[in-house]
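To keep things clear, I will list the structure first and then write my remarks on it.
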Amino acid sequence: MPFCSTPDVPLTAEEVARLSALPDAAHEVKPVLACELESGHGGPHWAQAQAEDRGSDSITNWWLRWGDSTGLREWAHDDTCRADSTADDPDHDICLLPAGHAGSHSWAI
Ligand SMILES: [Zn+2]
Ligand SMILES: [Zn+2]
């Protein structure tokens, strides 16, 4: 299964600066985000821009969620999908897409 091929979405300089300055930021913020869901999925597109990892499983995710024609473009803090692939594929771990996401788990894409 291929990944969703919707056009990438740029972040504003303010968004990149804000997400980069968060305490406990876990990632380097990319200025352009690509949808992480499976090709043909329903509902809005999702991409993770940042996570605040305070340890002990205390994590705040920063997902950008957007729509093709709806004008939707918003930040969401949904939990991570914890579905575990090890029964199917011991080389992979947990899914890490947003919990309840559309389409296949990340290791099946
Ligand atoms: Zn998508
Ligand atoms: Zn999943």
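Worth pointing out:
- Taken over the C-alpha atoms, the chain has Rg and Dmax values of 14.2, 42 angstrom.
- A Förster distance of 25 Å, applied to the separation of the beta-carbon atoms of Cys81 and Glu28, puts the FRET efficiency at 0.65.
- Of Pro23, Pro98, Pro44, the one that fluctuates the most in a GNM where the chain has Cα springs shorter than 10 Å: Pro23
- A straight line joining the Cα centroids of region 56-99 and region 18-40 runs 11 Å.
- Here the translational diffusion coefficient of region 31-90 follows from Stokes-Einstein with Rh set to the Kirkwood radius across Cα pairs; for 4 °C and 1.567 mPa s it amounts to 97 µm²/s.
Bear in mind that the values in this text are calculations on the coordinates, not laboratory data. Since we're looking at a predicted model, the values are computed, not measured. Ideal geometry is used to build each Cβ from the backbone, glycine not excepted, and the neighbour counts take in all protein chains shown.
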